[in-house]
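Just so it is clear, none of the values below were taken in a lab; they were calculated from the coordinates. Since the structure is predicted, the reported quantities are computational estimates derived from the model, not experimental observations. All Cβ positions, glycine included, derive from the backbone under ideal geometry; neighbour counts span all protein chains shown.
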Amino acid sequence: MKKHPYEIRKFTVTRKLEQAIRILFISDLHFKKKSHRLALAILQEVENAQPDIILLGGDYSDTKKGNTVLSFFLSQLTHRPHIYSISGNHDRWWINKEVHNIFVKHGVNWMDNTNHQDSIKGTGISIHTQVAQCQEGNLNILLLHEPISYTNELACYDLIVAGHLHGGQIVLFEKKSNLYPLRYFYKNGFLEKKVNKTLYIISKGMGDLIPFRINCKRDMVLVDIE
């Protein structure tokens with residue numbers, strides 16, 4: 001993976017849970033014909049991390065041959081029970097109407113415009129894909145593709161994750177977790193922010209439509225909630 005370096009961004013959130021829960025967020029894969037090696041590298045990271053929950057943040061494939069890589073990728077994850085996905089803007093292109101069917105074929109939860117309740121290791125989990133009323137006593141997660149601006153409506157969430165922006169792909173400098181020049185054009189051009197109990201993280205993604213980056217490593221996000 002020297003050609004496409006990436007990093008695992010790690011965070012810890014303290015919630016006094018009965019047992020710790022590990023969440024892996026992967027976004028913006030942008031699989032293409034030659035993405036098989038990337039898919040294998042991500043699968044190895046999943047195996048290394050052993051997450052309890054995998055969140056997939058959209059923009060999975062850019063071509064029909066990329067869909068073949070996506071199908072292989074998901075086929076290697078089907079033994080994991082807690083995988084939740086949403087679509088990205090690229091997944092709604094005409095060429096990628098097949099993406100949704102691939103997720104259904106492999107039994108992966110496709111959550112566009114829906115919310116999901118679950119229980120993992122004795123903790124109630126609420127996963128939303130649109131802002132809604134949080135469940136008191138649960139671990140509340142907001143899964144997005146496009147970042148949204150922080151408002152008081154989001155204060156009930158423990159974790160918010162988003163992608164889409166790719167860190168701008170070119171980073172000249174970083175200041176207080178804001179990436180420049182991206183931050184000049186997008187209010188949400190930041191890496192992470194903590195507002196009271198809410199941790200809001202934006203991934204730089206693991207792929208690109210145009211594979212060109214400067215000082216902007218691709219990433220996956222690993223969050224341990226304890």
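Before moving on, here are some points about what is shown:
- Single unsatisfied condition, Glu47 versus (1) more than 30 Å from Gln117 (Cβ to Cβ); (2) acidic (Asp, Glu); (3) without any contact (Cβ under 8 Å) to a residue 12 or more places away in the chain: (1)
- Complete set of residues in the stretch 199-226 that are surrounded by fewer than 18 Cβ atoms within 10 Å (Cβ to Cβ) and part of a loop (DSSP other than H, G, I, E, B): Leu209, Ile210, Pro211, Phe212, Asn215, Lys217, Glu226
One line per residue, one yes/no per condition, for (1) assigned to a strand (DSSP E or B); (2) in contact with a Leu (Cβ under 8 Å, 6 or more places away or on another chain); (3) on the phi > 0 side of the Ramachandran plot; (4) buried (at least 18 other Cβ atoms within 10 Å of the Cβ):
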| site | (1), (2), (3), (4) |
| --- | --- |
| Arg80 | no, no, no, no |
| Ser87 | no, no, no, yes |
| Asn101 | no, no, no, no |
| Val131 | no, yes, no, no |
| Cys134 | no, no, no, yes |
| Ser149 | no, no, no, no |
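- Considering residues of the stretch 128-184 that are in contact with an Asp or Glu (Cβ under 9 Å, 6 or more places away or on another chain) and β-branched (Val, Ile, Thr) only, the residue farthest from Lys217 (Cα to Cα): Val131
- Taking the stretch 166-198 as the range and being in contact with a Phe, Trp or Tyr (Cβ under 9 Å, 6 or more places away or on another chain), in contact (Cβ under 8 Å) with a residue 40 or more places away in the chain and not in a strand (DSSP E or B) as the test, the residues that pass are Gly168, Gln169, Val171, Leu172, Asn188, Lys197.
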